[in-house]
Structure formats: structure tokens, C-alpha cells
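Engineer: Structure in C-alpha cells, see below.
The values are calculated or read from the model by the stated rules, or taken from the named source; none is laboratory data. Computed from a prediction, not measured in an experiment: that's the story for all the values here. Quick reminder, even Gly has a Cβ in these numbers, built from the backbone with ideal geometry, and neighbours come from all protein chains shown.
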Amino acid sequence: MLGQLDLSVLKPSLPFLWTGLKFSANLTLIAMSGGIAIGTLLAMARLGKSRPLTAVASAYVNLMRSIPLLMVILWFFLVIPLIIGKPIGAEYSALITFTAFEAAYYSEIMRAGIQSVAKGQVMAGYALGMTYWQTMALVVLPQAFRNMIPVLLTQTIILFQDTSLVYAIGAKDLLKAADIAGKNYNRPVEMYLFSAVIYFALCYTLSSIVKRLQIKLAVVR
Amino acid sequence: MKYHWNWGIFFEQIKYGDETYLSWLISGLGWTVAVSLASWVIALLLGFAIGTVRTTPRTWLVRLGNAYVELFRNIPLLVQMFLWFFVVPEFLPRNLSLWVKQEMPAKEFVTATVCLGLFTSARIAEQVRAGIQSLPRGQRMAGLAMGLTLPQTYRYILLPMAFRIIIPPLTSEFMNVFKNSSVAFAIGVLELTFQARQMQEDSEQGIETYLAVTVLYFVCAFIANRMMAFIEKRSRVPGFIAAAK
């Protein structure tokens, strides 16, 4: 029962949890930046004129979106060492996996974003003598990003929650840290609850901020 | 890249025992389907109830519904699995707690199903709310003006339309249930991902194992998608929502 909770174990485990949280946060930020960059390229490939490029990009995105993330994590953890010929740690494997996986999801968002930009904008860019890349970089993408900021951030919150799945390959994120601390102090109940509270507090705060941002952006447009 | 291929591995016997690896994967598939379908039923029932409640004029019900959705949406699924498995039994009354921990049949399966069901119900509730709110205000007003009670208005006017509107997001949610059921491995449900890890360690034929399991997940998602497409086609209101697509 509630009265039996021993909250005194939380304080000594804080530094340990902090390292775990830092890994979760780093993983989220790196996978977000890499994922948005690759995802934007994938979206451009899917919307572009080159047939083979479109096919490859759609195949990649659809494949990633139809397999469970856990399987993707296990795949990369198995295959990357085979390809490069030496083991890489769970942490590096997680970084590569999440960047590659999230790129598929971000690319769907960016595709919608690019399509939300009026066609006349692209034509105007070409009419001014801009190349494809100039039109994209200076006209279309800035607007696409702006329109999609709330959705991109919502996806990032989901990404942050998904990072807990690195548990499967033993990378030390927040959940794994709580798991270990719970075993060390023989207080798993308190540690799991505490990690849930941390995840909830962070995700709830972030999603409230996104909601407010959404209203703000909608008014400006 | 040095890798010893062995595609016949599925028909070989496991290291200790007389089962084949194929039988492991098949039983894993069975548990994956069982967890997914059972949680889908829970998720639909609860999701529709809570989503509906969030559009009623009762402020306290709306708040309660919102709190429910926020709670389940802001904690990672894996953490929720651990909470249901390790934490919740500790807070039950003593006798019940002992029963759950020691005697409950198929403990892992039940826990995973409840967890995944509630997790998914929060997401469905969000879609149901959006679906109901996307209907023109006049529909509700017309229902009430005709003398229908509020429950009747929901039952005969709002929900049938809202359900049809949200079939596309429900389809992806149904596919998500299969994908998310993989997380149940962490509390020891012997489903596909669990069997994949086990077979990979036992047989050391990782690529063949993961390929087979990936294909099985793919097939599950595909069948789920086709089933929902069938329902969508059958439930279409002629001349109404068909035009929206």
C-alpha cells in the first residue's frame, strides 16, 4: 500500500537516474535532428520527378512504418556489427537505429508540410530564375517547417517516449537506470513509479507547450 | 561480412528439447495475435466510452476523460507495462494482491492485455472525441430538438457518423496494436519478439530469425489493414462520407 513506499531511496539514486535521463535526452535530440534532416530529403525524393528515387524512398518509409520499433532496434543491433565487422555498443546502435527509424515518420510529416505550401510559391520561385534547390531551400522548406512545427514536436515527444525501448538491447536510458537502481536498493516499485512520474512530467509539460504553440502559430497564419 | 547462412534452421530442433524453431515462431505468433485482439476489444469499448464522455456537456466528466487520456498518453508503453506488472499488484488489497502475484492464470498475458488495451483506449478516445466534434453542431441540436434524450442523440445520430469518420485513424491504430504488442516481451509474454530473441540466441541464425519474424509482423499489419478496409467499405453511407475520400 501507499504507506509502505520507501521514498528515501529516491535521493541517493538521483545522480544515476540523471545520467540515464541525459542519455534519453541526447538520443531524442540527435535522432530528432538526424531524423528531420534525412526525413526532409526522403520527403523531397518522394515528391520529386525521379521515378526510381520516389520508389526507393516510399519503400523505405513504408517498410519502417510497418515493423514494430522493437524489431528495428533488434535488427540494427544484430546487423550493424556484421557489416562493420566489430561490435558497437548498445548506445551507438540506438543512436543509429532511432535516427533511421524516425526519419521515416518525420518524412511523412515533411511531405504533408511541403504539400501544404501553395503551388504558386514554387512557380514563382522558378519564374524568378531560381534552381530547384534554391526554390526548396529559400521558398518551400521554410514555410513547410513553419506549418509543421507543432506536428514535428509532437512526433518528438513520441520519440522521447519510444527511447525507453532501448531497454531491449540494454542501453542505459532513464528506464534502464531506474530498473538498475530498483534492483540495487531492492525497491523496484518505487523506482518504476518514480521513472513514470518523470516521463509523465516531461511529456505533459512538453505537449502543453506544443498545444500553446499551435494556437499561436495558427493565429499568425 | 562473414555470416553463415542456414535457411533450413526453422525446421531444425532447438538445442534442448524436441521442438523445432518453427513451432516457437508459430506459438509466438499465436500470443501476438491473442494479445493484440484482446487489447483491441478493451481499447474499442473503453475508447468509445471515454471519447464520448469527453464531448458531453458535463464538465466534470470531460475533465475526468481528459485526465485519463493525458495519463495514458504521456507515459511510455514499456513503463506502463512495468507499472502494471510490478507496481499495481502491490497496491491491491492483501488477498487480491497475493492471488494476482501467485495464482492468476496466464498472468503475463492478462497484464499485457490490460496494459495495451488501456494504452490504446486513450488514443482511440482522442480520435472519437475529434470525430464527434467534427460533426456539424446542428446534428446534435436537431437530435435534441426532435425530443431525443442526450444518450439517444449519441446512440442514433452522433456515434454512427463519428464512427465512420474515424475509420481511417482507427485502421492505423489497429495496426499499431499489433506493433505495440511486441513490447509485451518485457514482462515475459512468449509472443513473437520474445521468441525472436530466444531463437536468435539459441540458433545463432539472427538474420533468418528476424527476417521471418519481420515478415510475420508485416502480414499481421497487412491483414489488420484489409479487415478495416472491408469494414470501411461495408459501413459506408451511400452519398455521404464516401464522397469525402
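Engineer: Among residues belonging to region B:64-96 that are more than 21 Å from residue A:196 (Cβ to Cβ) and outside any loop (DSSP other than H, G, I, E, B), point out the one that is nearest to the other protein chains (Cβ to nearest Cβ).
Structural biologist: Here the residue is B:94.
Engineer: Then there's this: Tell me the helices (runs of 4 or more DSSP H) entirely within region A:58-134 that contain at least 3 residues that are at pLDDT 95 or above and not aliphatic (A, V, I, L, M).
Structural biologist: A:90-115
Engineer: Now for a separate question. Would you confirm whether any residue within region B:130-138 is surrounded by 13 or more Cβ atoms within 10 Å (Cβ to Cβ), without any contact (Cβ under 8 Å) to a residue 60 or more places away in the chain and under 19 Å from residue B:69 (Cβ atoms)?
Structural biologist: Checking region B:130-138: at least one residue is surrounded by 13 or more Cβ atoms within 10 Å (Cβ to Cβ), without any contact (Cβ under 8 Å) to a residue 60 or more places away in the chain and under 19 Å from residue B:69 (Cβ atoms).
Engineer: In this structure, is residue B:173 under 28 Å from residue B:140 (Cα atoms) and either of a type outside the set (Val, Ile, Thr) or touching a Cys at 6+ places or on another chain (Cβ under 6 Å) (or both)?
Structural biologist: When the stated conditions are applied, residue B:173 passes them.
Engineer: Restricting to region A:136-180, and then to whatever is under 15 Å from residue A:21 (Cβ atoms) and free of Cβ contacts under 8 Å to residues at least 24 places away in the same chain, can you tell me which residue is surrounded by the most Cβ atoms within 10 Å (Cβ to Cβ)?
Structural biologist: If we take residues in region A:136-180 being under 15 Å from residue A:21 (Cβ atoms) and free of Cβ contacts under 8 Å to residues at least 24 places away in the same chain, then A:167 is surrounded by the most Cβ atoms within 10 Å (Cβ to Cβ).
Engineer: Under the condition of being under 15 Å from residue A:162 (Cα atoms) and facing chain B (nearest Cβ under 8 Å), which residue from region A:191-201 is surrounded by the most Cβ atoms within 10 Å (Cβ to Cβ)?
Structural biologist: Looking at residues that are under 15 Å from residue A:162 (Cα atoms) and facing chain B (nearest Cβ under 8 Å), I get A:195.
Engineer: Of all residues in region B:132-150, which are on the phi < 0 side of the Ramachandran plot and of a type in the set (Gly, Ala, Ser)?
Structural biologist: The answer is B:134, B:138, B:142, B:143, B:145.
Engineer: What are the residue pairs meeting all of these: first residue in region B:1-17, first residue within 14 Å of chain A (Cβ to nearest Cβ), second residue surrounded by 12 or more Cβ atoms within 10 Å (Cβ to Cβ) and in a helix (DSSP H, G or I), Cβ atoms under 9 Å, and 6 or more apart or on different chains?
Structural biologist: Filtered contacts from region B:1-17: B:1/A:82; B:2/A:82; B:3/A:82; B:3/B:206; B:3/B:207; B:5/B:207; B:5/B:208.
Engineer: Taking only region A:29-59 into account, find how many residues are small (Gly, Ala, Ser) and closer than 17 Å to residue A:149 by Cα.
Structural biologist: Start the filter on region A:29-59 by keeping residues that are small (Gly, Ala, Ser), which leaves A:31, A:33-35, A:37, A:39, A:43, A:45, A:48, A:50, A:55, A:57-59.
Checking the rest, the ones that are also closer than 17 Å to residue A:149 by Cα come to A:31, A:33-35, A:37, A:39, A:43.
Qualifying residue count for the region: 7.
Engineer: So which residues in region A:202-221 are surrounded by 14 or more Cβ atoms within 10 Å (Cβ to Cβ) and closer than 24 Å to residue A:21 by Cα?
Structural biologist: Those that are surrounded by 14 or more Cβ atoms within 10 Å (Cβ to Cβ) and closer than 24 Å to residue A:21 by Cα: A:202, A:203, A:204, A:206, A:207, A:210.
Engineer: Restricting the search to region B:174-211, which residues are more than 28 Å from residue B:122 (Cβ to Cβ), in contact (Cβ under 8 Å) with a residue 24 or more places away in the chain and surrounded by fewer than 22 Cβ atoms within 10 Å (Cβ to Cβ)?
Structural biologist: B:198, B:202, B:203, B:207, B:208
Engineer: Given the conditions (1) exposed (fewer than 14 other Cβ atoms within 10 Å of the Cβ); (2) within 30 Å of residue A:109 (Cα to Cα), which single one is not true for residue A:20?
Structural biologist: So residue A:20 meets the others, but not (1).
Engineer: Also: Among the residues of region B:161-170, are any surrounded by fewer than 21 Cβ atoms within 10 Å (Cβ to Cβ), more than 16 Å from residue B:54 (Cα to Cα) and of a type in the set (D, E, K, R)?
Structural biologist: yes
Engineer: Here is a follow-up. Would you pick out the residues in region A:181-190 that are more than 8 Å from chain B (Cβ to nearest Cβ) and surrounded by 16 or more Cβ atoms within 10 Å (Cβ to Cβ)? Write out each step before concluding.
Structural biologist: Of region A:181-190, the ones more than 8 Å from chain B (Cβ to nearest Cβ) are A:181-187, A:190.
The answer is A:181, A:182, A:185, A:187, A:190.
Engineer: Among helices (runs of 4 or more DSSP H) lying entirely in region A:136-221, which contain 2 or more residues that are modelled with pLDDT under 90 and of a type in the set (A, V, I, L, M)?
Structural biologist: A:188-220
Engineer: Quick one: count up the residues across region A:73-89 that are crowded, with 18+ Cβ neighbours inside 10 Å and not β-branched (Val, Ile, Thr).
Structural biologist: 4
Engineer: A further question on this structure: Would you mind stating whether residue B:189 is touching a helix residue (DSSP H, G or I) at 6+ places or on another chain (Cβ under 6 Å) and not in a helix (DSSP H, G or I)?
Structural biologist: Yes: the conditions hold for residue B:189.
Engineer: Please enumerate the residues belonging to region A:46-72 that are buried (at least 20 other Cβ atoms within 10 Å of the Cβ) and more than 10 Å from chain B (Cβ to nearest Cβ).
Structural biologist: Result: A:46, A:57, A:61.
Engineer: Among the residues of region B:97-130, what is the count of those that are in a helix (DSSP H, G or I) and on the phi > 0 side of the Ramachandran plot?
Structural biologist: Qualifying residue count for the region: 0.
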